[in-house]
1. Tell me, what ³J(HN,Hα) does each residue in the stretch A:8-16 have, in order and in whole Hz, if you take phi through Karplus 6.51 cos²θ - 1.76 cosθ + 1.60 with θ = phi - 60° and put x for Gly and Pro?
2. Computed over the Cα atoms of the protein assembly as shown, what is the convex hull's projected area averaged over all directions, in nm²?
3. So which aspartates and glutamates can A:LYS114 reach, going by Cα to Cα under 12 Å and dropping same-chain residues fewer than 8 places off?
4. Could you work out the per residue convex hull volume over the alpha carbons of chain B, in cubic angstrom?
5. Nearest 100 Å², what total accessible surface is buried between chain A and chain B (probe 1.4 Å)?
6. Which lysines have a Cα lying under 19 Å from the Cα of A:LYS5, excluding residues fewer than 8 positions away in the same chain?
7. Under the rule of -39500 (n - 2.57) per DSSP H run of 4 or more residues, summed and divided by the residues of chain B, what mean residue ellipticity at 222 nm is obtained, to the nearest 500 deg cm²/dmol?
8. Could you give me the ³J(HN,Hα) list for the stretch A:220-232, computed from phi with Karplus coefficients 6.51, -1.76, 1.60 and θ = phi - 60°, whole Hz, x at Gly and Pro?
Amino acid sequence: MPSLKDLRNRIASVKATQKITKAMQMVAAAKLRRAQEAAEAARPYSQRMASVLANLSAAMEGRDDAPPLLAGTAKTDNHLLLVCTAERGLCGGFNSSIAKLAREHADDLISEGKTVQILCVGKKGFDALKRLHGQRIIDTINLRGVRQIGFVNAHDIASRVLEMFDNGEFDICTLFYSEFKSVISQVPTAQRLIPSQVEAEAEVEPLDLAGAIYDYEPDETEILETLLPRNVAIQIFRALLENAASEQGARMSAMDNATRNAGEMIDKLTLSYNRQRQAQITKELIEIISGAEAL
Amino acid sequence: MAEKLKFELVSPERLLMSGDVKQVTVPGSEGEFGVLPSHAPVLSTLRPGIIDVVGDDGKQDRIFVRGGFAEVNPAGLTVLAEEAIHMDDLDAEALAQQIRNAEEDVTDATDDAKRQEAQETLDQLKQLQSAL
């Protein structure tokens, strides 16, 4: 049975923890709003990009000079997994669910006899994957010092990935991130990055050009060659922004739970503290009374 | 002219402009071209330069873009800019910084093709500076 002093100390420490989690929840809520705005602001660009790409690749269909970024290298032996996670923990299952998805994907590929390389963006993904796939992780890109993710960050990662692709280090690249559905729901997602997956999204309706043919300046292949690398950067950028919003959402609900748990714990501890205090008073009274009776 | 051109300018970070305009001049990589309503479909890469927008009310907007794409289709003109700065917000200092960056690119270039590309960008930026 803990003494009264122990109980007092524990109540004080749980209260301090509760204050921290409460503060973290509020900070996450404020950051979430900003992250969500950034993610929404970036959406038009990637949508337009998708529709341009869809039109263009429709025009390229059936041609055998399509660039490898679109058509693939005709091999599927070497895989690169680009795993985007957060830099910080304390956000519920956010990091571990992305890492889990990536790990399962990697295991599947390995059992099929493919080679797998992993490039981590964010420290937490590296921490979660290094035990089982440590030797496959080629590098970790750190975004620790970045306050607001800009296009430059995504561009740096993309040029790294593209350089590896140009050197023939992998054939297929898959991007892992967490899609932001709502504050309480973030879905870990795997998306094929290279070769480009032209999304047949419902919102991007193929334009009826009524027989009109695009003029290309310069020609299709050249445009595709500049457009596709940009598309890779855009996809990474979008994933990073979605991730940032998801992270804050996950942290907010995790911290909300933690605050509530701490509250419950304080109630319980206070109850047993009061009980023990009363028991002690009763004991002292009994001692006094029986002492007086003995006289 | 009753017809309007639907114009959208987007950068990776956000949607910058969206609305109906009269005319847009776009700095295509193979020369500037003007886009009026019901222009034929074109897809073109951009070089760093100035987009000239003549608004619905005849008001002119000048926006500096650093490369990207322009797509004209029956629905309108979409410019996907790598980076876009409104000329009113562009100050000489920011431009000077860009030029310094471009100069670094020229010296850092690993092969001739890249160097030439960087040099072209630098020249265009310098041109822009003199236009300002």
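1. Karplus-based 3J(HN,Hα) across the stretch A:8-16 equals 4, 4, 5, 4, 4, 6, 5, 4, 5 Hz.
2. Directional mean of the projected Cα hull area for the protein assembly as shown stands at 31.0 nm².
3. Answer for A:LYS114, where 12 Å is the Cα cut-off: A:ASP77, A:ASP171, listed by chain and number.
4. 110 Å³
5. The contact between B and A buries close to 2200 Å².
6. A:LYS15, A:LYS268, A:LYS283
7. For chain B, the value works out to -9500 deg cm²/dmol.
8. Coupling constants for the stretch A:220-232: 3, 4, 5, 4, 4, 5, 8, 6, 5, x, 5, 4, 4 Hz.
The values are calculated or read from the model by the stated rules, or taken from the named source; none is laboratory data. Please read these numbers as outputs of a predicted model, since none were measured by experiment. Note that we place each Cβ from the backbone using ideal geometry, even for glycine, and neighbour counts take in every protein chain shown. Calculation scope for accessible area: heavy atoms of the full protein, side chains included, ligands and nucleic acids excluded. Shrake-Rupley method; radii C 1.70, N 1.55, O 1.52, S 1.80 Å.
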